[in-house]
Amino acid sequence: MSDRGYRRPRALSPLREHLRDTFWFAPTVGLLCSFALWWGVSALDAEIVTHLKDEQAYEEVGELIRFADDARTIVTTVSSAMMTFIGVVFSISLVAVQMASGQLTPRVVRIFVRSRISKLTLTVFLATFAFSLLVLTSYESESDPRRVTSVPLLQSMLTLAMVGLSLLLFIAYVSSTLRLMQVGPVVDRITHESLRVVGRVPGGVREELPLGAETARIGYAGRAGVLREVNVARLVRVARRQEVVLRLIPRIGDFVVPGTPVLAVHGGASPQRMPRYTISVGVERTPQQDLAFGLRQLSDIALRALSPAVNDPTTAVQCLDRIVQLLAAMVHLPLGAVQHRDGAGAVRLVQDGPEWTDLVDLAFEEIRWCATRSPQVSRRMLAGIDDVVALAPEDRKGALVRHRELLVKAVERTVPDVIAREFALFPDRQGIR
């Protein structure tokens, strides 16, 4: 396997991810852009009227005034109706989000929050509302072509274009929201996010090199939260300048509190304090660097579906399909601690990560406890484990075989009837065909 190295985080990655997790940034930028657009277009309208008056084309100016007056009714209607339209649309959306989080898992709410089409739709709606109000201020009471200074011709046309764009985005937004209320598209989105993380895992053979004696530990001084992201490139530069090796103590996804040791220093003099902008801590886990978060979400959805209150084993089977897909993608990856090197090839940062056994336990342990009540789930889990076993190297088959044996024993204890037990223990990729 070739050594792919590690991908350095993009500049301002924590800030970018923070803005993607918020719903105010894009609409605010849209409002500012609508004001700038109105200012520029109104200047063009004034230039058009000035040019026509310089050419003594007063008849053409009168035609522009009549066209703008006809369009004024539409602009007034848009400005009065758009805000009501926004309120109705997004009230329905909040209900949809609440239903999805209740039926699947609260972790899927972030998919709605980070949805680009949702933010774009709200941005265009608010920009259209604000722009139409600004256009109304451009209308003059003067109707004499010789005295008028500006006619909102381009502004009115642009308002109509923005209304058309809003209607198209509304159709796309409703379609996207309805898709995200379905189990299939949600687990597909989670899987694709996880596969992107899998694609960034460094390849090559993991060599456990001696780090030397630990000389110091650096505590975390920020507010409590989940470790979401690590700026590998910056930590490598800091370690190279200090001529030390840094070891990240918590894993991505761990909850850290102020005073918790975050970095262990091996060799040389330690930095005086935690280097700035090297770790990102938030209120919940994100999939940017968290290899196990996708499995966590799929497992949560499956457990919610298998609860007695919901009793939806088909949803659990859909989650198991994706769990098997993720495990198959990670079965040959080098897992565990990652050693990041500087330009000279020296190890500067050691970052702990989940082992193969950790991922398999996360994928199957909790679901296995509930699978005995549903032959559809037990059959699908057995088939999925067998598929991954067929792909796994010898040193990784043990964890899979252990879960298979535990599932068989659990079904044997739970199902006393021999025929029913044999049915529940027959591997089937569809659960029950």
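Key figures
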quantity: Segment 128-160, subset over 15 Å from THR76 (Cα atoms) and in contact (Cβ under 8 Å) with a residue 12 or more places away in the chain, residue surrounded by the most Cβ atoms within 10 Å (Cβ to Cβ); calculated: VAL151
quantity: Failed criterion for VAL187 (all others in (1) within 23 Å of ASP352 (Cβ to Cβ); (2) open to solvent by less than 30 Å² (accessible area, probe 1.4 Å); (3) of a type in the set (Val, Ile, Thr) hold); calculated: (1)
quantity: MET181, sole failed condition from (1) open to solvent by less than 20 Å² (accessible area, probe 1.4 Å); (2) more than 24 Å from ASP290 (Cβ to Cβ); calculated: (1)
quantity: Top-ranked residue in segment 104-118 [being surrounded by fewer than 21 Cβ atoms within 10 Å (Cβ to Cβ) and more than 19 Å from GLY282 (Cβ to Cβ); ranked as nearest to the chain's Cα centre (by Cα)]; calculated: ARG116
quantity: Residue among ALA410, ALA399, ALA363 that is more than 30 Å from LEU227 (Cβ to Cβ), in a helix (DSSP H, G or I) and of a type in the set (Gly, Ala, Ser); calculated: ALA410
quantity: Members of segment 413-433 found to be outside any helix (DSSP H, G or I) and not hydrophobic (A, V, I, L, M, F, W, C), listed by number; calculated: PRO416, ASP417, PRO427, ASP428, ARG429, GLN430, GLY431, ARG433
quantity: Answer residue from segment 320-332, given it is open to solvent by less than 30 Å² (accessible area, probe 1.4 Å) and touching a Leu at 6+ places or on another chain (Cβ under 9 Å) and is nearest to VAL201 (Cα to Cα) among those; calculated: MET330
quantity: From the options ARG251, ARG223, ARG247, ARG237, residue that is in a loop (DSSP other than H, G, I, E, B), farther than 20 Å from VAL197 by Cα and at pLDDT 85 or above; calculated: ARG223
quantity: Residue within segment 327-342 that is within 26 Å of the chain's Cα centre (by Cα) and on the phi > 0 side of the Ramachandran plot present; calculated: yes
quantity: Residues (more than 24 Å from HIS332 (Cα to Cα), open to solvent by 40 Å² or more (accessible area, probe 1.4 Å) and assigned to a helix (DSSP H, G or I)) located in segment 367-389; calculated: TRP369, PRO375
quantity: Within segment 345-360, tally of residues that are closer than 16 Å to ARG404 by Cα, surrounded by fewer than 18 Cβ atoms within 10 Å (Cβ to Cβ) and free of Cβ contacts under 8 Å to residues at least 60 places away in the same chain; calculated: 1
quantity: Selected residue [more than 14 Å from ALA363 (Cα to Cα), open to solvent by less than 50 Å² (accessible area, probe 1.4 Å) and of a type in the set (Gly, Ala, Ser)] from ALA392, ALA399; calculated: ALA392
quantity: Any hit, segment 52-65, residues being within 26 Å of VAL148 (Cα to Cα), touching a Ser or Thr at 6+ places or on another chain (Cβ under 8 Å) and buried (at least 17 other Cβ atoms within 10 Å of the Cβ); calculated: yes
quantity: Total residues in segment 230-244, condition surrounded by fewer than 20 Cβ atoms within 10 Å (Cβ to Cβ) and more than 18 Å from PRO261 (Cβ to Cβ); calculated: 6
quantity: Unique residue being over 31 Å from the mean Cα position of the chain (by Cα), among the charged types (D, E, K, R), open to solvent by 40 Å² or more (accessible area, probe 1.4 Å) and modelled with pLDDT under 90 when the list is ARG413, ARG404, ARG433; calculated: ARG433
quantity: Identity of the residue in segment 41-99, in contact with a Phe, Trp or Tyr (Cβ under 6 Å, 6 or more places away or on another chain) and of a type in the set (Val, Ile, Thr), that ends up nearest to ALA130 (Cα to Cα); calculated: ILE86
quantity: Residue in segment 283-303 that is farthest from ALA328 (Cα to Cα), counting only those that are open to solvent by 10 Å² or more (accessible area, probe 1.4 Å) and more than 14 Å from the chain's Cα centre (by Cα); calculated: VAL283
quantity: Which listed residue, of ALA11, ALA43, ALA81, ALA100, is surrounded by fewer than 17 Cβ atoms within 10 Å (Cβ to Cβ), at pLDDT below 80 and small (Gly, Ala, Ser); calculated: ALA11
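The values are calculated or read from the model by the stated rules, or taken from the named source; none is laboratory data. In this text the structure is predicted, and so the values were computed from the model without any measurement. With ideal geometry, Cβ positions are generated from the backbone for all residues, glycine too; neighbour counts draw on all protein chains shown. These area figures cover heavy atoms from the full protein model, side chains too; ligands, DNA and RNA do not enter into them. Shrake-Rupley method; radii C 1.70, N 1.55, O 1.52, S 1.80 Å.
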